[in-house]
Amino acid sequence: RTLEVWAANDTYAKPIEVPINAFLVPNNLPAIQVFNGANSTSSMITNGTSVAIDMGTTVVGTTLTKTFTVKNSGYAELVFNPTTAEFLTGTGNGFSAAPYAASKVGAPFPTPTTSGCPTTLTHEETTFTVTLDASTAGEYQGTLSIVGTSPAGVQLSPYTFPVKGIVEPPPPTL
């Protein structure tokens, strides 16, 4: 695309064509996406889903762990606050979350090309693990909440999803 610029009060002048290169940025905020695995090629977990991520079944004394990936798909750095995912609700108290591998996840503005559109959007990601303490037999379920802010301190809506796991009693000894 070009913009034609004409000289004022000069009927014999030819217009000057100025190329226009631009791209739109929807907002200047980070955006959270969560994936069920160690990287963003794993299946994405829908924010606010009611379907619990199943951590599996174990026996008393053998903990269960699961890795999740948080990706920043926005246009500003994502700062985690607090620095661990939190459990808002849960039956039982067996779940815990380890700190994020990185406390900040960048998302630089894409570089425009000569056609004005970015060719790639490079966004960063980090991981965290959830552990189900298997000290007591039972069925456990909890809701994880991931909270982030922009560099300017704007708090994002929490990204929430449930997790569940089963701890069975140990087999009887003979």
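Reported count of residues in the range 154-174, each being under 30 Å from residue 59 (Cβ atoms) and under 35 Å from the mean Cα position of the chain (by Cα), is 9. Counting only strands (runs of 3 or more DSSP E) that sit wholly inside the range 11-82, those with at least 2 residues that are open to solvent by 30 Å² or more (accessible area, probe 1.4 Å) are 16-19, 53-59, 64-72.
The values are calculated or read from the model by the stated rules, or taken from the named source; none is laboratory data. Source: prediction; values computed, not measured. Every residue, glycine as well, gets a Cβ built from its backbone with ideal geometry; the counts of neighbours run over all protein chains shown. The accessibility values were calculated without ligands, DNA or RNA, using every heavy atom of the protein model including side chains. Shrake-Rupley method; radii C 1.70, N 1.55, O 1.52, S 1.80 Å.
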